[in-house]
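Taking it in order: structure first as C-alpha cells, then the write-up.
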Ligand SMILES: [Zn+2]
C-alpha cells in the first residue's frame, strides 16, 4: 500500500467516523459538543501531521503547498499528499 492510498483511507475513516458519531450522539443533550470535539481533534491531528510528514529527501512538509504572492511565500494546506515533492520533485512512495 502506498502513501497516497493510506491518506485516502485515513481520510475516509475519519469522515465515516464523523458521520456515524454525528448521527449517534446528536440526540444527546451535549451531542453537538461531542461532534465539535471530534472535529477539533481531527483538525489538531491534521495540523500535527502537516508539520510531521516531510519529504525524505529535502525535509519540506509534504501537505503544505508553497506559493509566492507579492514576494512573500505563503502556504496552502492540502489534505492529500502529492505524487511528487513540490520542493525538490522527489517521487514519493
Ligand atoms: Zn522534497
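We did not get these values from a lab; they are worked out from the coordinates using the rules stated. Quick caveat, the model's predicted, so the values are computed rather than measured. Cβ: placed from backbone, ideal geometry, glycine included. Neighbour counts: every protein chain shown.
Observations on the model:
- Simple spin-label estimate for residue 33 and residue 65 gives 3.8 nm between the two label positions (7 Å along the Cα-to-Cβ direction from each Cα).
- Here the peptides 57-65, 73-81 are ranked by packing, the mean other Cβ count within 10 Å, and the order with the highest first is 57-65, 73-81.
- Shown for 53, 15: other C-beta atoms within 10 Å of each C-beta, ranked fewest to most, produce the order 15, 53.
- Evaluating kT/(6 pi eta Rh) at 4 °C and 1.567 mPa s, with the Kirkwood radius of the chain over Cα pairs in the Stokes-Einstein relation, gives 86 µm² s⁻¹.
- Relative contact order of the range 34-93, defined on C-alpha pairs under 8 angstrom at six or more residues apart (%): 23 percent
- Ranked by how many other beta carbons lie within 10 Å on average, peptides 26-32, 5-11 from highest: 5-11, 26-32
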